[in-house]
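The values are calculated or read from the model by the stated rules, or taken from the named source; none is laboratory data. Note that the structure is a prediction, hence the values are computed from the model and not measured. Here the Cβ positions follow ideal geometry from the backbone for every residue, glycine too, while neighbour counts run over all protein chains shown.
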Amino acid sequence: MEREGYKELLKLCTMMIKLIPQMEAVTVGVIEKIRVQMREIPIQQTVNLPIKKQSYSLEQVLREANLSLYDQFCETLYKMGFVYIEKALLAPYLQGSVLIRVQHLLGRLVKEMNKRPWELLKFASLPLSEEYFLYHSVNVCILSMNIGLGLGYSESDLHKLGVASLFHDLGMFQLPRVLLESPREFTREEQKQLWRHPALGVKKAEALSFLSSDEVKQAIYQEHEREDGSGYPEREEGEGIHEFAKIIAISDTFEALCHTRPYREALLPHEAMVSVIKMAGKTLDRKIMKVFINRMALFPVGSFVFLSTGETAQVIEAHADSPLRPVTRVVFNREGEPLRFRKVIDLKRRGSIKIVRPVTLRHHELDGNLPLLI
């Protein structure tokens, strides 16, 4: 590699390490372009880069930068979901511009979920600081599409499921905001008002061509129905409930349990998983629950665990045949210090290492402390 070009490459790598954590505003297209360019960089030799008082080889930095740019790509995609769902739900009259973007976004989500679903799943159980119902909609969409993949859905069916799950709470936004943000359990009258939201959602969906298919409307209307007939609004049971609605019911329940609401504290993702498993065969579909467990693991993708090595790791992938032994990525070493480069431990292959307990990490603990550049 020529000296001048090499110097430019060193400058690029150093700049990335400094800037990528602040790249929230960078678009998906720009990030993807950078990743493509980096893949084309020829590596003919290795040197040490003195970055953050440590020495890393050029190959390490390029590999990690490429992986981290993909992480940033997925995070940007996730945040775009929040932005678009906010515009679509709070100002649905913009359907000409916003809903076309939502369709494009869902297409990208389907594509990425098919390739590396865990990269998006890891966001679904992280603590939320604000706008619960908007982030909840995006999370339920990701969780539902993950189940759809496990059920063998075609890309077309995944897209329909994505639409239904992203807008499953459409009717909620027709209710008074003060009701949704109530800091206590609902009164009987407030509960009756809340139970109106499936019908309100269908009515709104009928006015939006993007949401007007029978499958989407039925899923929006039935996602609070339960297998034993204890749900609402029609007390449907078993075979009378559309499969999309059954999928969304599991995703919706799990996601809600993972996040703090004004009237209760959040459960750890592992605790939330145990809770929904207990509902299988009673209120939630047993067959779909099995797929959900296989795709998420008992320590769900995105959650954090303390390993028998003394390290703290994030679950990044599930093994369908070993739900207690997922693939993890170490984020803090035994001394509690953040790792600058990725260390992946597949617990299925490393039988001597076990999960000791689930742990919770808040935003201020994660900020700048996930492995290099994330």
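Residues of the range 191-231 being among the charged types (D, E, K, R), at pLDDT below 95 and in a loop (DSSP other than H, G, I, E, B), which ones? Listed by number, the list holds a single entry, ARG196.
If you go through the range 107-153 and keep only what is in contact (Cβ under 8 Å) with a residue 60 or more places away in the chain and in a loop (DSSP other than H, G, I, E, B), you end up with PRO117, LYS122, PHE123, ALA124, SER125, LEU126, PRO127, LEU128, SER129, LEU151.
Restricting attention to the range 249-275, the residues that are buried (at least 22 other Cβ atoms within 10 Å of the Cβ) and either out of contact with any Leu (no Cβ under 8 Å at 6 or more places or on another chain) or free of Cβ contacts under 8 Å to residues at least 40 places away in the same chain (or both) total 4. Every listed requirement among (1) outside any helix (DSSP H, G or I); (2) within 24 Å of the chain's Cα centre (by Cα); (3) not acidic (Asp, Glu) is met by SER251 save one, (1). For THR328, the stated conditions do not hold, so it cannot be described as of a type in the set (Val, Ile, Thr), more than 27 Å from PHE133 (Cα to Cα) and in a loop (DSSP other than H, G, I, E, B).
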